[in-house]
Amino acid sequence: MAWVREAFLVSTRRACRATGVWRSLLTYQSTRPPQDALRRRLRELAAVRVSYGYRRLHTVLRREGWAVNPKRIYRLYCGEELQLRRKRPRRRRSAVPRGPRRIATQPNEVWAMDFMHDTLADGRLVRVLTLIDSYTRESLALVAQSHFRGEDVARVLRDVGAERGLPRWITVDNGTEFTSRALDAWAYWNHVQLDFSRPGKPGDNCLIEAFNGSLRRECLSQHCLPRSPRPSRFSTTGGRITIPSGRIAA
């Protein structure tokens, strides 16, 4: 409209009449509240849950009590430029600011969880889910399967929690099993906070990394595991890793 006025030297009224634009559109002032608190909370969640899109962030906000719909979250999500990059760079470098790590002050307060990979005697790959108590350094579960889903991880945590209770936080990386909706829903309904480490920063979960190194050095690298027809659960008793019948005890 400013160009029409300057090009033809006419008033705003005549320019609007010639172009068919209502003058109220030029003077309209929005009465929509700025929603600064919601914007701030949305940025905080996006900074911690780096792999979440606006729909999953909307689910988290609804759980916290925010009465908002997905369309408003999408508008704020785009306005804050929080969109995920569809094409990941070849070198993933995280620029996500993180606060101090969770430090356990008592047993069963913080757990740490990760995956290991190994090869069976027949050449097939196997994954081992490792779970420890960050305060006592006790191994809580070692479960070996050919593949894991978020439901499988939640099932292991449920079984361990039935024996000794659940922690307040569980430190994990950004693997697909840990960022899945199944594990997120389990953590929400059981009041457990998933503390994600920064991508490419294994030092954020250093306790489980140290345990995995000892497990590989003292058990997996010392023995050749035979063919496993079905998933197996390793039990930990007295600091020893005992593999069920048909396996090797280390």
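Checked against the criteria, residue 194 does not count as closer than 28 Å to residue 46 by Cα, part of a helix (DSSP H, G or I) and without any contact (Cβ under 8 Å) to a residue 60 or more places away in the chain. Of all the residues that make up the range 134-168, how many are among the hydrophobic types (A, V, I, L, M, F, W, C) and assigned to a loop (DSSP other than H, G, I, E, B)? Residues flagged as among the hydrophobic types (A, V, I, L, M, F, W, C) and assigned to a loop (DSSP other than H, G, I, E, B) within the range 134-168 amount to 2. All of (1) free of Cβ contacts under 8 Å to residues at least 24 places away in the same chain; (2) crowded, with 16+ Cβ neighbours inside 10 Å; (3) among the β-branched types (Val, Ile, Thr) hold for residue 119 with one exception: (2). Within the range 36-70, the set of residues being among the aliphatic types (A, V, I, L, M) and within 18 Å of residue 189 (Cβ to Cβ) comprises 60, 61. Of the candidates 90, 62, the single residue that is modelled with pLDDT of 90 or more and out of contact with any helix residue (DSSP H, G or I) (no Cβ under 8 Å at 6 or more places or on another chain) is 62.
Quick check on residue 9: is it surrounded by 11 or more Cβ atoms within 10 Å (Cβ to Cβ), at pLDDT 85 or above and of a type outside the set (Asp, Glu)? Against the criterion (surrounded by 11 or more Cβ atoms within 10 Å (Cβ to Cβ), at pLDDT 85 or above and of a type outside the set (Asp, Glu)), residue 9 does not qualify.
The values are calculated or read from the model by the stated rules, or taken from the named source; none is laboratory data. All values derive from a computational prediction rather than experimental measurement. Glycine also receives a Cβ, built like all others from the backbone with ideal geometry; neighbour counts cover every protein chain displayed.
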